[in-house]
Amino acid sequence: MIIVFCGRTSDGATGITRQLRVSGLPVVKTGVLESCRNATLVVNWGCSLRFPTFTPRVLNRCIVGDKFHELELLHRAGVNTPRFSRSRHVGWIGRRFMHEDARDIQESLEVGDYYVERLGIVDEYRVHSFLGRSILLGKKVPRTDVGEVHPWIRSWNNGWGLSYNGTWRTRIPNNIRDLAHAAVRAVNYDFGAVDLGVTGDSRTVVFEVNSAPGDGGVAE
């Protein structure tokens, strides 16, 4: 039995459970630890907890506690990221330790838990990395079902979604998959959806590694 372990409502956890069942695998989605006792595999979908010894095979056994510490781990491993600091810098963006869909950026925080450099990003991508393999790659594009799109906050609530097909695939940065895999290794995950940006001078940087990814809002 495969357990997709998630203690909250999650379209991503529901989606992966459905896909595994379609593949003919016995799988249950649950947030109850005791249910993992007889599992052959537990897929931890973004839960920061300590799994007991009766769950020997867990994908993403340990989730990083906050996004600032995640950036520290990426930096120590030599993964390109925007500059970040616990101290406020002019022109940098205030962020919360835990954030979702860039809502903290939308708030224009005067005082954040930490701060990141704002870069001139031309394109943003999401790479789904699983055990060192790229299983899905999407590009953030303006949604066609909304009238207003934010010029640089590329999130669903700001008019952006993910395209997994299109002519853009002929112009994928060469290093994007390798950088995503390096980011997943840096935080000691087995899988993750890595959000990356490409700057105007063609540098590729990692923003974060999502341990409980949804579809990111499919735009097409």
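The values are calculated or read from the model by the stated rules, or taken from the named source; none is laboratory data. The structure displayed is predicted, hence computed values, not measured ones. As a convention, Cβ positions derive from the backbone with ideal geometry for all residues, glycine included, and neighbour counts pool all protein chains shown. The protein model used for the area step is the full one, side chains on, heavy atoms only, and it has no ligands, DNA or RNA in it. Shrake-Rupley method; radii C 1.70, N 1.55, O 1.52, S 1.80 Å.
When every Cα-Cα distance of the range 145-187 is counted in 5 angstrom steps from zero, the calculated P(r) takes the values 5, 17, 14, 17, 24, 15, 6, 2 percent.
Taking other residues whose beta carbon is less than 15 angstrom from the beta carbon of V90, and scoring Lys, Arg as +1 and Asp, Glu as -1, yields +1. Here each label is just a point 7 Å from Cα along the line to Cβ, and for F51 and R83 those points are 3.9 nm apart. In the chain, helical runs assigned H by DSSP with n ≥ 4 each contribute -39500 (n - 2.57); averaged across all residues and rounded to the nearest 500, the mean residue ellipticity at 222 nm is -5000 deg cm²/dmol. Any number yet on Rg/Rh for the range 71-140, C-alpha, Kirkwood? Radius of gyration relative to Kirkwood radius: 1.00.
Of the solvent-accessible surface of the chain, computed with a 1.4 Å probe over protein heavy atoms with every protein chain present, carbon and sulfur atoms account for 49 percent. Summarising the label geometry, the points placed 7 Å from Cα in the beta-carbon direction at E117 and V22 lie 4.2 nm from one another.
Extension gain for R103-I153 works out to 17.0 nm (0.36 nm per residue, less the C-alpha to C-alpha distance). Building the convex hull from the alpha-carbon atoms of the chain and averaging its projection over directions returns 13.0 nm². Just the Cα atoms of the range 98-220, one point each, no solvent: what log10 I(q)/I(0) does Debye give at q = 0.22 Å⁻¹? At q = 0.22 Å⁻¹ the computed log10 ratios are -1.47. Protection proxy ranking of 114-127, 31-44, by the mean of other Cβ atoms within 10 Å over each peptide's residues and highest first, is 114-127, 31-44.
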